[in-house]
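Participant: Take a look at this one; I'll ask things after.
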Amino acid sequence: MLTGAQIRMARGYLGWSVQALAEKADVGVSTVRRMEQAEGIPAASARNLESVRLALESGGVGVLE
């Protein structure tokens, strides 16, 4: 499962803003911010976590599960 730290690192690697990731994942900016601030696995819906994972992978980052 994707952790907050992994989301932050992947977004940084891609050079994406929080806004850009939110748009690509079709989630709110506040959702991405909450996910990134989480210690460990974010308390978010499975759909939102999957959307963020797929967006990061579409950008070229392989996410380990």
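Participant: If each DSSP helix of 4+ residues adds -39,500 (n - 2.57) and the sum is divided by the residues in the chain, what number results at 222 nm, nearest 500 deg cm²/dmol?
Facilitator: Value at 222 nm, helices only, nearest 500: -18500 deg cm²/dmol.
Participant: Turning to a different aspect of this structure: First select every other residue whose beta carbon is under 15 angstrom from the beta carbon of Gly15; then total the charges, Lys and Arg +1, Asp and Glu -1. Can you show the working numbers first?
Facilitator: Numbers: positive: Arg8, Arg11, Lys24; negative: Glu23.
So the surrounding residues net to +2.
Participant: Under the rule of at least 5 residues apart or a separate chain, name every residue whose amide H is placed under 5 Å from the amide H of Thr3.
Facilitator: Excluding prolines and chain starts, which carry no amide H, there are no hits.
Participant: Which whole-Hz ³J(HN,Hα) couplings does segment 45-60 yield from phi under the Karplus relation 6.51 cos²θ - 1.76 cosθ + 1.60, θ = phi - 60°, glycine and proline marked x?
Facilitator: 5, 4, 4, 5, 4, 5, 4, 5, 4, 5, 5, 5, 5, 5, x, x
Participant: Once phi is turned into θ = phi - 60°, what whole-Hz ³J(HN,Hα) does the Karplus curve with 6.51, -1.76 and 1.60 give for every residue of segment 25-34, x standing for Gly and Pro?
Facilitator: Going residue by residue, I get 8, 6, 10, x, 4, 5, 5, 4, 4, 4 Hz, with x marking Gly and Pro.
Participant: On average, how much accessible surface per residue is there in segment 17-65, in Å², for a 1.4 Å probe, leaving out ligands, DNA and RNA?
Facilitator: Spelled out: the 1.4 Å probe surface of segment 17-65, per residue, equals 59 Å².
Participant: Related question: Over the chain, what relative contact order in percent results from Cα pairs under 8 Å that are six or more residues apart?
Facilitator: Contact order relative to length: 45 percent.
Participant: Right, something else. Calculate what fraction, in whole %, of the accessible area of the chain sits on carbon and sulfur atoms when a 1.4 Å probe is rolled over the protein chains.
Facilitator: Roughly 51 percent of what the probe reaches on the chain is carbon or sulfur.
Participant: Still on this structure, I have one more. About the Cα centre of the chain, what is the dipole size in debye to 20, counting +1 per Lys and Arg Cβ and -1 per Asp and Glu Cβ, all else neutral? Numbers along the way, then the final one.
Facilitator: Details: 7 positive and 7 negative charges, 27 e Å.
In debye, rounded to 20, the chain gives about 140.
The values are calculated or read from the model by the stated rules, or taken from the named source; none is laboratory data. As the structure is a prediction and not an experimental result, all values here were calculated from the model. Cβ coordinates were reconstructed from backbone atoms using ideal geometry, including for glycine residues, and neighbour counts include every protein chain displayed. Surface accessibility is based on the protein's heavy atoms, side chains included, excluding ligands, DNA and RNA. Shrake-Rupley method; radii C 1.70, N 1.55, O 1.52, S 1.80 Å.
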